[in-house]
Each structure stands twice: as structure tokens, then as C-alpha cells.
Amino acid sequence: MSNYILEMKQICKSFPGVKALEDVDFFVESGEVHCLIGANGAGKSTLMKILSGAYTKDSGEMLFDGNPLKDGNTLATRKAGISVIYQELSLVNELTVTENILINNMPKTKFGAIDWKKAHDLAKQYIEMLDIKLDPNARAGSLSIGSRQLVELMKCLAADSKLIVMDEPSATLSKDEFNTLMRIIADLKKNGMTIIYISHRLEELFQVGDKVTILKDGKNVATEKVSDLNIDKLVEYMIGYKMTANQYKKAEVLTGEDYIFETRNFTNKKIRDVCINLREKEIVGLYGLVGSGRTELLRAIYGVDRLDRGELYISGKKVQPKNPRISIKNGIGMLPENRKMQGLVLVLPVWQNVIMVASRIFRGKLGLSYKRIYDKSRDYIKELEIKTPSEKTPTISLSGGNQQKIILAKWLLQNSKILLVDEPTQGIDVKAKAEIYKILRRAAEEGHGIVIASSELEELTSVCDRILVMFQGQIVAEFDKTEIEEAAILQYAVAGR
């Protein structure tokens with residue numbers, strides 16, 4: 001008789017134009033820490049969303065604790081005893097630690113009111129169980145990332161979970177917080193808890209895991225005991241190639257007017273001694289796995305995240321990237337990863353988003369010239385092939401690809417010499433992707449320098465002149481278009497070598 005608490009058999013899932021999972025078997029034994037790994041796009045998130053009930057599988061079978069698991073029903077999954085702690089934590093910042101832990105399980109008095117004394121006593125019990133110092137009355141929004149993650153964990157325990165999925169739990173933790181997490185996972189395992197641990201940091205698996213399943217291109221390529229593996233073997237499974245000793249050059253620190261943009265030794269909590277440069281009419285790609293520092297580097301250049309040290313030069317002139325306003329004045333524009341929250345004001349019409357940064361050029365003695373604004377907005381709608389009924393259409397009603405084109409129009413109107421582009425085609429269809437690539441390449445030909453951070457390697461190899469690989473906050477390799485080799489790029493991204 002098997003000791004499997006979770007059995008996922010022959011799981012298939014397709015999205016338009018993409019087969020995300022193909023006949024995946026995933027078996028987890030009761031009381032083990034089972035690691036799930038794979039490169040970007042391997043299918044890890046899709047498999048876990050099917051397990052959680054967020055996605056419906058196309059075919060296959062799921063059993064949990066010997067019983068069929070209801071498909072596409074998150075509430076039924078939680079009731080069965082499965083909890084997921086996502087990388088984007090789901091705490092309510094305005095509520096206390098106690099309220100977040102017991103948010104779906106508040107004890108009641110015999111009159112139906114919340115029994116606050118019992119609630120506080122229960123929260124203290126969970127805090128003592130994890131052997132941590134945490135004020136049950138503290139607001140969740142005031143806690144560190146590590147403490148917030150522990151509150152999420154206690155929320156799972158309060159829901160009587162038998163299996164907890166941890167998605168990239170260490171990506172944002174300090175060393176002390178990580179050590180605390182490792183201790184708590186070990187304690188939970190001793191008490192019979194089953195954990196699925198997802199991480200891109202391969203060295204962690206040897207500290208925490210009993211077994212590991214490796215996904216590649218939507219297929220299960222191996223499930224083995226961690227004790228039977230080493231990092232090189234894991235990398236070989238992930239990329240489909242045996243590790244080689246090829247050496248590729250690191251990015252050089254070059255100075256002078258030929259480079260419209262340089263960073264020298266950019267360092268903060270997420271990146272370390274990063275030196276990159278960019279020529280006019282060049283597209284440089286940044287590739288790395290989750291937590292490698294791609295997005296954080298772009299945010300530091302743009303002035304959103306503070307630097308501990310480092311220098312920024314634009315056309316040979318030293319600039320202090322203290323905030324986005326300074327960066328914009330110096331010719332830097334940014335297309336953020338989260339376009340809906342950070343790149344656009346969705347309730348505003350297309351024209352207002354297009355002129356948002358460059359409205360000054362439409363000011364006359366009598367105020368804004370709306371005729372010029374509408375004319376220019378229509379020019380960009382035509383040039384970038386933005387599909388919208390008119391420039392006055394609310395931006396929220398447009399597709400993701402057209403919204404992304406509006407952000408591009410905003411920075412092209414501003415004539416930003418340097419464009420920082422984070423995940424340019426995330427969540428948009430194949431046709432819109434090709435159109436975005438065409439716009440970026442045309443912008444480069446017209447004199448813009450572009451840095452693209454992407455989790456899609458195929459995207460970077462198709463559009464970039466150079467690709468820089470990031471690993472744990474550092475640039476570890478550089479490839480120009482004459483030597484781009486996907487297997488080698490993946491080796492550096494996964495293992496840093």
C-alpha cells in the first residue's frame with residue numbers, strides 16, 4: 001500500500017497556443033518535504049494552480065489522502081487540507097496578526113459574536129508552536145517579509161492543513177529569516193506535516209528536501225531522492241544538457257561617450273556590483289530565474305529602489321538615480337512588469353496615458369492644446385497599431401497587448417533615449433508579442449537604447465543584440481548575438497556557472 005498523500009496522474013493542461021503540462025505524474029509521500037523545480041515556463045506554477053483549484057485540468061486524475069480531489073474549486077481544496085503560500089503573500093495589511101491567522105476560522109461565543117479572548121489565545125499558541133517572537137496585536141502591514149511569511153504559515157496551520165505548498169519562500173528573506181524558516185520546516189516535518197517546496201535556489205534543496213521532481217517544458221523529467229543528486233545533475237535535468245566547462249565572458253566595464261548608459265557597481269539588498277553598459281541603437285537582454293535580480297536592477301536604474309552604492313553614467317555624465325523624476329529628466333523611461341498597476345492609469349482614456357509624461361509639450365499660452373493632443377495620440381495609435389475605437393476610449397477596456405503599446409507610446413512621445421522594459425510580453429497573445437518586438441526593434445533603429453528583462457529566453461534570443469545573465473543579484477555571463485547558446489545561458493541562470 002502506497003504512503004502517498006497526494007497523487008496527480010497524467011495531468012494535462014493547455015492554453016491557447018501553449019501546452020503547459022503534458023501527462024505529468026506528481027506523487028508526494030505523507031510527511032516529506034518534496035521539492036518542485038524547473039526553469040521559467042517549465043509548468044510548476046500551472047501544476048500547483050491545478051492542485052489549488054485555481055485552474056481546471058484538461059485531463060488526468062488527482063487523489064488527496066486517498067480521496068478524489070475536486071477540480072477547479074479552491075474552497076474544496078482548502079477544506080480537504082491543502083494550503084498554498086504564494087510568493088505574493090495574501091495577508092490583509094490593515095488586520096492584526098491574530099485576525100490574519102484566524103481570518104477564516106474566528107472562534108465565536110455562544111451568542112455568535114467573535115470570541116476575542118479565545119482568538120488571541122489561539123494566535124499565541126501558534127506563535128509558541130513556531131517558537132518565534134511576534135506580537136499577535138501587530139498590524140500585518142508593519143511586519144518584515146519574513147514575519148509576514150510566518151503569519152501565512154500559521155494561517156495554514158489554523159486551517160488544519162495536511163499539505164502546505166511554499167512557492168519561492170526564500171526569495172525575499174534575510175539570512176536569519178531563512179534560517180528560521182528552515183528550522184520551522186524541519187519542526188513541521190517532525191510533526192507529520194507534508195510540504196511541497198518550490199525554489200530556484202538549487203543549493204536550498206539539499207538543506208530542506210527529501211525528494212525533488214524536475215519539470216521541463218511541461219513534462220516530468222525526473223523524481224529522485226535529494227541525497228542521490230548534486231547541483232550539476234539537477235541542472236542537467238532542468239536544461240536537458242550535460243553541464244560543460246565552456247567559459248563565457250562577463251560583462252566588461254567600458255567607459256566613454258560611445259555608451260549612452262552605464263552602471264558601475266550597482267549594489268543594494270537585491271543586486272551586487274552590477275556593471276552593465278548600453279550603446280545607442282542596441283537592445284540588451286537581462287535573463288535570470290525568479291529572484292535573480294532582473295527587475296530589481298531595472299528599478300534601481302530608474303530610481304525606484306535605493307542604492308547602497310554604485311554610479312550611473314548617461315552619455316559619460318554622472319547622474320544620481322534618486323527617483324524616477326530625475327531619471328525621466330535624464331532620458332530614461334520604464335515599462336514595468338505590472339503594467340496595470342504601475343505603468344498606466346486604467347480609468348483614464350488612451351490620450352491621457354499617452355501624454356502623461358510629456359504633457360508640457362502641448363502647453364500654450366492658453367493652456368493645453370487638445371487638438372494637438374488628440375492629433376498626436378491618433379498618430380501613435382496608427383503608428384503602433386493600437387486597436388482602440390478612439391483616443392478617448394478608457395484604457396481599461398483594451399487588451400493587454402494594446403495597453404503595453406500605450407506605455408511604449410508614452411515613452412516614445414517623451415523621446416526617452418533609454419528604455420527599460422520589464423517582461424514586455426507577459427500575458428499577451430502571440431500576435432501582439434510579434435507586434436511589440438517589431439516596435440522595440442524599430443525604436444532601437446531610430447536611436448533608442450533598450451534593456452529588456454524577461455523570463456522568456458526565446459524572446460530575448462529573437463530580439464536582443466546581447467544577453468546578460470543574472471544569478472543571485474550578479475551578472476555572471478554575457479553573450480553577444482554571434483555566440484548566443486541557449487543551453488549555456490540556462491546553465492549560468494540555474495547554477496551561476
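The values are calculated or read from the model by the stated rules, or taken from the named source; none is laboratory data. Model, not experiment: these values are computed from the prediction. Note that each Cβ is placed from the backbone with ideal geometry, even for glycine, and that neighbours are counted across all protein chains shown. Remember, those area values only see protein heavy atoms, side chains included, never the ligands or the DNA or RNA. Shrake-Rupley method; radii C 1.70, N 1.55, O 1.52, S 1.80 Å.
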222 nm [θ] for the chain, helices only, -39500 (n - 2.57) per DSSP H run of 4+, per residue, to 500? -10000 deg cm²/dmol
Carbon plus sulfur fraction of accessible area for region 104-246, probe 1.4 Å, in percent: 48
Not counting ligands, DNA or RNA, and with a 1.4 Å probe, what is Lys317's accessible surface area in Å² rounded to the nearest 10? 130
Restricted to pairs 8 or more residues apart or on different chains, the lysines in region 280-401 with C-alpha atoms under 22 Å apart form a number of pairs equal to 15
Given a 1.4 angstrom probe, what's the average accessible area per residue across the chain, in square angstrom? 47
Need one word for region 53-165: rounded, prolate or oblate. Basis is the Cα gyration tensor (sqrt eigenvalues a ≥ b ≥ c); a/c below 1.5 gives rounded, then a/b vs b/c decides. prolate
Under a point spin-label approximation (7 Å from Cα along Cα-to-Cβ), what is the Ala434-Glu383 distance to one decimal in nm? 2.3
All aspartates and glutamates inside 18 Å of Lys57 as judged from Cα atoms, apart from same-chain residues fewer than 8 positions distant: Glu7, Glu22, Asp23, Asp25, Asp71, Asp217
Taking 32 Å as the cut-off for C-alpha to C-alpha distance, list the pairs among Lys19/Lys70; Lys44/Lys189; Lys49/Lys110 that go past it. Lys49/Lys110
Could you calculate the FRET efficiency of Lys133 with Lys70 from 1/(1 + (r/R0)^6), where r is the beta carbon distance between them and R0 is 51 Å, rounded to 0.05? 0.85
Determine which lysines satisfy two conditions relative to Lys175: a Cα distance under 16 Å, and not lying fewer than 8 residues away in the same chain. Lys269, Lys270
With each pseudo-label sitting 7 Å past Cα toward Cβ, what's the Asn104-Ser227 distance in nm, one decimal? 3.6
Which labelled figure in [x] 23.6, 84; [y] 22.1, 73; [z] 24.7, 84 is Rg and Dmax of the Cα atoms in Å, once derived from the coordinates: [z]
A 1.4 Å probe over the protein heavy atoms gives region 282-375 a carbon and sulfur accessible-area percentage of 52
For the chain, which DSSP H helices look membrane-span-like by this rule: Cα extent along the axis of 24 Å or more and mean Kyte-Doolittle of at least 1.0? none
Under a straight-distance cross-link criterion of Cα-Cα below 12 Å, which aspartates and glutamates are reachable from Lys190, leaving out those fewer than 8 residues away in the same chain? Glu32
Rounded, prolate or oblate: which fits region 251-360, taking a ≥ b ≥ c as square roots of the Cα gyration tensor eigenvalues, rounded meaning a/c under 1.5, else prolate when a/b beats b/c? prolate
Give me the one-decimal nm value for the distance between modelled label points at Arg441 and Asn93, 7 Å along each residue's Cα-to-Cβ direction. 4.1
Out of the GluC sites (Glu not before Pro) in region 84-129, which ones are loop residues according to DSSP with at most 12 other C-beta atoms within 10 Å? Glu88, Glu94
Here the gain from full extension of Glu485 to Lys392, 0.36 nm per residue of separation minus their alpha-carbon distance, amounts to 28.9 nm
With a ≥ b ≥ c the root eigenvalues of the C-alpha gyration tensor of region 80-119, is it rounded (a/c under 1.5), prolate (a/b larger than b/c) or oblate? oblate
